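The values are calculated or read from the model by the stated rules, or taken from the named source; none is laboratory data. These numbers were taken from a predicted model, which means no experiment stands behind them. Don't worry about glycine lacking a Cβ; one is built from the backbone with ideal geometry, like all the others, and counts go over all protein chains shown. In case anyone asks, the SASA skips ligands and DNA or RNA and just uses the protein heavy atoms, side chains included. Shrake-Rupley method; radii C 1.70, N 1.55, O 1.52, S 1.80 Å.
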Amino acid sequence: MSAVLLGGSGRWTDPWHPFAETNAAVTALAASAGVALEQPEDVDTALAALATGPLPSLVVVDVGLPRDDRPVPLTDARAGFHRLLASDVPLLVLHVAATSFADDPHWERALGGVWERGTTMHPPFGPAAVRVVDAAHPITAGLTDFTLEDERYTHLRVSPSVRVLLDHEHEGERHPLAWVHERPGGGTTVYDALGHSAASFASPEHRAFLTRAVTFLAR
């Protein structure tokens, strides 16, 4: 299987997220599911290469939002990025990547939801109580509610077409934390808003969720 991790490095990092930790954690989890992730050195170069030729069989996205005042992605990477989003390649998208291309409508359609500036927020990092919403899905079947150390994204802009798997409560309201999205042009996306740091991946339940997500997408 040709599986690619677009992981936070270079301009695709930020001061708040330890991408080396989370990239290593998701790579190890994928390996436990029998999927070897290859992480290219540069995200823009990797996206540009997707404009032609065979596409990967799985793409995992764990990147931040570039803050260098250059296009996101770079102009010569846009064709490959949009070709990926329009394809049936399965996507696993983690945590802050919901902010990374938030001004691109193609990304929102492919992801099924995004961080909305001025609206989306998260309570302080700490104990997060996570509820399993849909125990009938293969990713969550048999999983029970759990608590882990993480951020809880709140007030994400989420499409009504997604199938919510996990959520949390904040100020009396339930907020989606993970979902499955069947993309309009074909292909499946799983988004997991958890995964701020290695502490999140220390949770057995979260590891099980992600391992099952990889298995489901790589089927």
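For V89, indicate whether it is under 15 Å from L6 (Cα atoms) and assigned to a loop (DSSP other than H, G, I, E, B). Before the answer, list the steps.
Details: under 15 Å from L6 (Cα atoms): yes; assigned to a loop (DSSP other than H, G, I, E, B): yes.
Yes.
From the list H155, H82, H95, H122, which one is modelled with pLDDT of 95 or more, open to solvent by 10 Å² or more (accessible area, probe 1.4 Å) and under 24 Å from A202 (Cβ atoms)?
Working: H155 fails: under 24 Å from A202 (Cβ atoms); H82 fails: under 24 Å from A202 (Cβ atoms); H95 fails: open to solvent by 10 Å² or more (accessible area, probe 1.4 Å).
Within the list H155, H82, H95, H122, the selection yields H122.
Residues that are buried (at least 23 other Cβ atoms within 10 Å of the Cβ) and in a loop (DSSP other than H, G, I, E, B) do occur in the stretch 53-71.
Considering only the stretch 182-201, state which residues are open to solvent by 10 Å² or more (accessible area, probe 1.4 Å) and either modelled with pLDDT of 95 or more or under 20 Å from D62 (Cα atoms) (or both). Across the stretch 182-201, the qualifying residues are E182, R183, G187, T188, H196, S197, A198, A199, F201. Looking across the stretch 5-32, the residues that are touching a residue at least 40 places away in the same chain (Cβ under 8 Å), in contact with a Leu (Cβ under 9 Å, 6 or more places away or on another chain) and closer than 21 Å to T215 by Cα come down to L5, L6, G7, T22, A25, V26, L29, A30.
Condition check ((1) within 15 Å of the chain's Cα centre (by Cα); (2) crowded, with 16+ Cβ neighbours inside 10 Å; (3) under 27 Å from A24 (Cβ atoms)) across all residues:
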{"residue": "G112", "(1), (2), (3)": "yes, yes, yes"}
{"residue": "V130", "(1), (2), (3)": "no, yes, yes"}
{"residue": "A135", "(1), (2), (3)": "no, no, no"}
{"residue": "T147", "(1), (2), (3)": "no, no, yes"}
{"residue": "E173", "(1), (2), (3)": "no, no, no"}
{"residue": "P176", "(1), (2), (3)": "yes, yes, yes"}
{"residue": "S203", "(1), (2), (3)": "no, yes, yes"}
{"residue": "L210", "(1), (2), (3)": "yes, yes, yes"}
{"residue": "V214", "(1), (2), (3)": "yes, yes, yes"}
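The rows are residues; the columns are (1) modelled with pLDDT of 95 or more; (2) of a type in the set (A, V, I, L, M, F, W, C); (3) part of a helix (DSSP H, G or I); (4) open to solvent by less than 40 Å² (accessible area, probe 1.4 Å).
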| residue | (1), (2), (3), (4) |
| --- | --- |
| M1 | no, yes, no, no |
| V4 | yes, yes, no, yes |
| T22 | yes, no, yes, yes |
| A30 | yes, yes, yes, yes |
| G34 | yes, no, no, no |
| A46 | yes, yes, yes, yes |
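For the stretch 56-63, the criterion of being more than 24 Å from W179 (Cβ to Cβ) and of a type in the set (S, T, N, Q) is met by no residue.
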